[in-house]
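Inspection log for the structure reproduced underneath, given as structure tokens.
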Amino acid sequence: MLPIGHYLFLGLALFIIGAIGVVTRRNVIVILMSIELILNAVNINLVAFSRLYGDVAGQVFALFIIADAAAEAAVGLGIIIAFFRNRETVLEDEMDLLKW
Amino acid sequence: MLDQVIFYFFAAIAVVSAVLTVTRRNAVHSAIFLITALLATAGIFLQLRAEFLFIVQIILYVGGIMVLFVFVIMLVNLDVAVRQMQFARQKWVALLISLALAAQVGLMLWSSRNMPGQGVPVLSAVPADKLPPNSEEVAKSLFSSYLLPFEIASVLLLVAMIGAVVMAKKRT
Amino acid sequence: MQAVTQATMEFMKEYRTPLICGFVIVAVLPLIVGYVVLVERKIMADMQARLGPMRVGPHGLLQPIADAVKLLIKEDIIPDDADKLVFWLAPVLSVGAALLAIAGLAIGPAFQIAQGINIGILFVVGVSAMGIFGIVLGGWASNSHYSLIGALRSSAQLVSYETAAGMALVCGLLFAGTLNITSIVQAQYDQGIWFGLLAPVAFFVYLVASIAETNRAPFDLPEAESELVAGYMTEFSGFRWSLYFLAEYTNMIVVASVATTLFLGGWLRPFPRTHWLTWKSTGMDFFDFLPALLMVVVGAYCLARTPKQPVRVQQLFMLAVAGMCFAAAAVLAAPVIVPFVKPSLAAAVKPLYEGIHGGFWFICKVGLYIYFFMWVRFTLPRYRFDQLMRLGWHFLIPLSIINVLLIGIAMIIGSYYHLNGWWLLLATIPASIIALIIALFILALEQKGQPQKAAGAAPDSYA
């Protein structure tokens, strides 16, 4: 099998790509998708460590993260639909009503 | 050997499609590549012998959350948005974040090499049929040690569901 | 590079049989689907007092091949404004998911491509659920309003009915206590009763939800001809269209197989453990002769009909069918009769018996399930979209959730009184009935609370 570092680097790569997406993209839907990527990176790490120590707790927490991602996607997309209905845009820098 | 090839295969797919996810102009293409990345991650879970998580990833993430994403992308018609500028001017922040993260992990790996005894630990190569049945193990752990978090997660999902319905509902 | 080739060799050596089986299935399945379509057209014709396809071959038997050739040599049209890549990808995704799901199914104790997978039935359900992307993306990529609305409708429909179907499956899994397909069927053998009888409401919910999930009438809103041309398939033609078609019928086979495995006892015969009929010397009983008897009856019927055929070719054809039936009867009867004649061979014949009879019963049940699909299709009119959504969210989902709860309670009560097998019915049947009553009550309450929409009010076509 592989050293744990391989999985950590894969997780790191996905995390960084996701973070860059969150910071640079303007489209809120794509930002939400980048957040999914970040959550996935965390899942890879958790499962890799769970395998390393032979303990399923890591997988259980990965399950919780997936449930959390589902909740986050539902609420986030609900907000996006509500926002789009009012302002006709999904670009995040045009969501500036509360900016002064 | 097979394990390594499978890992590199799925890892390459995951990274490439993750890059494409954040760089594509069209949100639907982004979603397709995100689906690919999620499926590749599921493949890596399988390579780590976490079968239950593999199928949960496919059913929940790919079959549930991503369908929701695609649905919303099609509902908010983005024909105009595609032609607008897609990237905000925060490139330096992004670079900073990624460098900081990379430095952190690099430091961790470097310091683990100097630690007495081990270095980077290697996953044990137990054949799949020697491991305990994965879904049973996860279920036991989930419904004994982690019962309270499980219930909290269900409450979280309920709250999210109600919130989503309230927000997406048309005001009449 | 060497590592890759070495790994490939290793992979080939270890998984040679599944790989070959996979290739065979991918090669043969289009043919099977073609003939399922022919059978469907024949049944439709029969129900509408027509003859159906009769031109190509005797009784239209070569029609599927003619159709396939026609579809393959059609011009491949891609609309100008379509998203080329996604347009290309979508049908492949659809059919790929459907074919991948077949890998997890078990036709007999020994016939399973991916053998002994721990997550068994979840794999089949999850992978076949991925086919939805083929539909949604195909509808989006066509850049046509009909396609897009069809795709959105179908995705909404699939997502909402998947919940009900999943809950219904949970009911069956409660009895089985495992996800592995072979173990599920084994559990039904140990109980001596099919889980469909133990949880009739769950079976009913799965039946309805599976019709909705395969987008078939009366729930074929995504491709309602009178409203949406052909829904998400509007812009697809020729080979791509046939891929969608293949995916739809493969999905039918998959859901029928899942229902058969979980609710109808898989490859077990009816009454899998009957002791009162068994001849002690061989362990065989009356039901083991049933398949052979059935084939003999069908063959005799064909033989009796032969003189009435008008054309010589058709007479010969009927004779051939009768001969095939008798041959099948001989094959089915042989492993049952051998132990009576030569008790020493009983052990050697046993796996043969399991394979042949298991396959026979499994295919029979899947066929009956698909026949039910067709029957419903030609009997019931199409639902309106908001009716479909109301049926899903207001009736099937509450019903399935309440049913899971009550079946769980019934199982606790059953284990308290040490009920099992047929005696478990005493606990689960009242539970199912109570679940049905509660769900109907909720439905009635909701409809009373909600004022009926004005007749002319436009139904919300998305939600």
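Here are some notes:
- Which listed residue is surrounded by 23 or more Cβ atoms within 10 Å (Cβ to Cβ), within 30 Å of B:Phe33 (Cβ to Cβ) and at the interface with another protein chain (Cβ under 8 Å from one of its Cβ atoms), from C:Leu148, C:Leu137, C:Leu93, C:Leu89: C:Leu137
- Exactly one residue among C:Ser237, C:Ser242 is surrounded by fewer than 22 Cβ atoms within 10 Å (Cβ to Cβ), more than 17 Å from C:Ala164 (Cβ to Cβ), in the same structural domain as C:Ser155 (by TED's automatic domain parsing) and over 17 Å from the mean Cα position of the chain (by Cα), and that residue is C:Ser237.
- Residue pairs whose Cβ atoms lie under 9 Å apart, sitting 6 or more positions apart in sequence or on different chains, and linking a residue in region B:63-91 that is at the interface with chain C (Cβ under 9 Å from one of its Cβ atoms) to a partner that is modelled with pLDDT under 75 and surrounded by fewer than 20 Cβ atoms within 10 Å (Cβ to Cβ), are B:Leu75/C:Tyr462.
- Residues of region A:55-100 that are in a loop (DSSP other than H, G, I, E, B), charged (D, E, K, R) and within 30 Å of A:Ile44 (Cβ to Cβ): A:Asp55 alone.
- Selection of region C:122-145 for residues being over 30 Å from C:Thr182 (Cβ atoms) and among the aromatic types (Phe, Trp, Tyr) yields only C:Trp140.
For every residue, the table says whether it meets (1) assigned by TED's automatic domain parsing to the domain that holds C:Ile193; (2) surrounded by 14 or more Cβ atoms within 10 Å (Cβ to Cβ); (3) among the aromatic types (Phe, Trp, Tyr); (4) part of a helix (DSSP H, G or I).
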| residue | (1), (2), (3), (4) |
| --- | --- |
| C:Asp386 | no, yes, no, yes |
| C:Arg390 | no, yes, no, yes |
| C:Trp393 | no, yes, yes, yes |
| C:Ile397 | no, yes, no, yes |
| C:Ile413 | no, yes, no, yes |
| C:Ile433 | no, no, no, yes |
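- Failed condition for C:Tyr249, given (1) farther than 27 Å from C:Leu31 by Cβ; (2) at pLDDT 85 or above: (1)
- Output for region A:1-42, where each listed residue is in a helix (DSSP H, G or I), facing another protein chain (nearest Cβ under 7 Å) and farther than 30 Å from A:Glu88 by Cα: A:Ile4, A:Gly5, A:His6, A:Leu8, A:Leu10, A:Leu12, A:Ala13, A:Leu14, A:Phe15, A:Ile16, A:Asn40
- Subset of region B:40-54 [out of contact with any Gly (no Cβ under 9 Å at 6 or more places or on another chain) and either assigned to a helix (DSSP H, G or I) or at pLDDT 90 or above (or both)]: B:Ala40, B:Thr41, B:Ala42, B:Gly43, B:Ile44, B:Phe45, B:Leu46, B:Gln47, B:Glu51, B:Phe52, B:Leu53
- Which listed residue, of C:Phe263, C:Phe326, is assigned by TED's automatic domain parsing to the domain that holds C:Arg216 and surrounded by 14 or more Cβ atoms within 10 Å (Cβ to Cβ): C:Phe263
- Conditions (1) facing chain A (nearest Cβ under 9 Å); (2) modelled with pLDDT under 90: number failed by B:Ala37: (2)
- So A:Ile66, is it under 30 Å from B:Ser135 (Cα atoms) and more than 7 Å from chain B (Cβ to nearest Cβ): no
- The one condition from (1) touching a strand residue (DSSP E or B) at 6+ places or on another chain (Cβ under 9 Å); (2) farther than 30 Å from C:Glu248 by Cβ that C:Phe362 does not meet is (2).
- Among residues of region C:357-384, those that are modelled with pLDDT under 85, closer than 30 Å to C:Pro109 by Cβ and surrounded by fewer than 19 Cβ atoms within 10 Å (Cβ to Cβ), counted: 1
- With respect to the conditions (1) facing another protein chain (nearest Cβ under 8 Å); (2) in a helix (DSSP H, G or I); (3) more than 28 Å from C:Ala427 (Cβ to Cβ), C:Leu122 falls short on a single one, namely (3).
- Which listed residue is surrounded by fewer than 18 Cβ atoms within 10 Å (Cβ to Cβ), small (Gly, Ala, Ser) and modelled with pLDDT of 80 or more, from A:Ala19, A:Ala57: A:Ala57
- Tally of residues being β-branched (Val, Ile, Thr) and either without any contact (Cβ under 8 Å) to a residue 12 or more places away in the chain or outside any helix (DSSP H, G or I) (or both) across region C:72-97: 3
- Any hit, region B:136-158, residues being facing another protein chain (nearest Cβ under 8 Å), farther than 19 Å from A:Gly54 by Cβ and at pLDDT below 85: no
- Boolean, C:Leu29 is under 30 Å from B:Leu39 (Cα atoms), hydrophobic (A, V, I, L, M, F, W, C) and within 14 Å of chain B (Cβ to nearest Cβ): no
- The residues in region C:159-179 that are crowded, with 20+ Cβ neighbours inside 10 Å and outside any helix (DSSP H, G or I) can be counted, and the count is 1.
- Test result for A:Ala48, facing chain B (nearest Cβ under 7 Å) and in contact with a helix residue (DSSP H, G or I) (Cβ under 8 Å, 6 or more places away or on another chain): yes
- Selection from region C:131-145 of residues that are closer than 12 Å to C:Ala90 by Cβ and either of a type in the set (S, T, N, Q) or not in a helix (DSSP H, G or I) (or both): C:Ser142
- You will find that of C:Val36, C:Val69, C:Val28, C:Val56, the residue that is assigned to a loop (DSSP other than H, G, I, E, B) and either among the hydrophobic types (A, V, I, L, M, F, W, C) or in contact with a strand residue (DSSP E or B) (Cβ under 8 Å, 6 or more places away or on another chain) (or both) is C:Val56 and no other.
- Between C:Pro64, C:Pro53, C:Pro30, the distinction of being closer than 18 Å to C:Ile253 by Cβ and without any contact (Cβ under 8 Å) to a residue 60 or more places away in the chain belongs to C:Pro64 only.
The values are calculated or read from the model by the stated rules, or taken from the named source; none is laboratory data. Because the structure is predicted, anything quoted here is derived from the model rather than measured. Neighbour counts run over all protein chains shown; Cβ positions are idealised from the backbone, glycine included.
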